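Some notes on the structure that comes next.
Only the coordinates and a few stated rules stand behind these numbers; no lab work does. In this text the structure is predicted, and so the values were computed from the model without any measurement. We place every Cβ from the backbone using ideal geometry, glycine too, and count neighbours over all the protein chains shown.
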Amino acid sequence: MSEMDIVRDVARQVLTVPTLTGGPDSWLWDRTKRIVRNIEHICRLPELAGSDMAVDRFCLIGAGYFCDSGFARYADAQDPNARLVLADMTAGDLRDFSTQVVTDKLSGALPGPKIDKINKIIIESGDRYTEMIEAMILSDARNLDDMGSVGLFNEFRRYTIHGKGATDVLESWKRKIDYQYWEARLKESFRFESVRRVAQQRHETTEYFMNQLGTENAARDLEELIIESLDKVVS
């Protein structure tokens, strides 16, 4: 078994956490696989493929597999309150806890320098001014998962954990629009222009969906149907 096979298998075991009913919860592992796919494709973008920047793909992908592993610290099926922490953990906490998991789970399976570099990539991915190319790629790969339909799925899950409904999601969406949250994310969260363009396309799709959600939640389509029928009666 190769070192990457070991990293992948250990990550899958760590990230396949129990649900509150004791069954397997694959959300973290599913998200991680998307992040790794994003990483692999970003590495092939023209900005990188045609440059002279050397990318340590092994440590980068290893960081991708474990960048969210800190969430698993709180996936305790016997403690429902711990599951709420999953929704509210700060980005800094997540990175710190994730590096602890890397050190704990991969010591003995990988040489120390590789573990140290995986952890460095995870930590520096939170620094928007980092010049570490692997950290820049990981950051874009993770931020892209917050955009578009997948980003909405992740947010809906967080709201569901807190017992919130569609109205709460729409109110949060409106606040983000009012405070130009998405414009800031698109401007500041991506280091590679190609990834930023993909994120913009995903956001535009999200806007269409959220507008439709607002229409259905307020039953405006039904209201318009009634108005149309009344107009026909009057005419």
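For the chain, the mean residue ellipticity at 222 nm estimated from helices alone is -22500 deg cm²/dmol, where every DSSP H run of n ≥ 4 contributes -39500 (n - 2.57) and the total is divided by all residues, rounded to the nearest 500.
Once the chymotrypsin sites (Phe, Trp or Tyr not before Pro) in DSSP loops with at most 15 neighbouring Cβ atoms within 10 Å are cut out of the chain, the longest remaining piece is 1-128. Within the set Lys33/Lys114; Lys105/Lys164; Lys120/Lys187; Lys164/Lys187; Lys33/Lys174; Lys33/Lys187, which residue pairs have Cα atoms separated by over 32 Å? With Cα atoms farther than 32 Å apart: Lys105/Lys164. Loop-located trypsin sites (Lys or Arg not before Pro) in the stretch 133-235 (DSSP state not H, G, I, E or B) with no more than 12 neighbouring Cβ atoms inside 10 Å do not occur. In this Cβ point-charge picture (+1 for Lys and Arg, -1 for Asp and Glu), the chain has a dipole of about 400 debye about its Cα centre. Near the amide H of Leu110, within less than 5 Å, lie no amide hydrogens of residues on another chain or at least 5 residues away, with H placed in the peptide plane. The aspartates and glutamates within cross-link reach of Lys176, meaning a Cα-to-Cα straight distance under 16 Å and a gap of 8 or more places when in the same chain, are Asp146, Glu155, Asp168, Glu188, Glu204, Glu207. Dipole of the chain computed with +1 at Lys/Arg Cβ and -1 at Asp/Glu Cβ about the Cα centre; of Ala109, Ile42, Val7, farthest Cα towards the positive end is Ala109.
Computed from the alpha carbon atoms alone, the convex hull of the chain holds 161 Å³ per residue.
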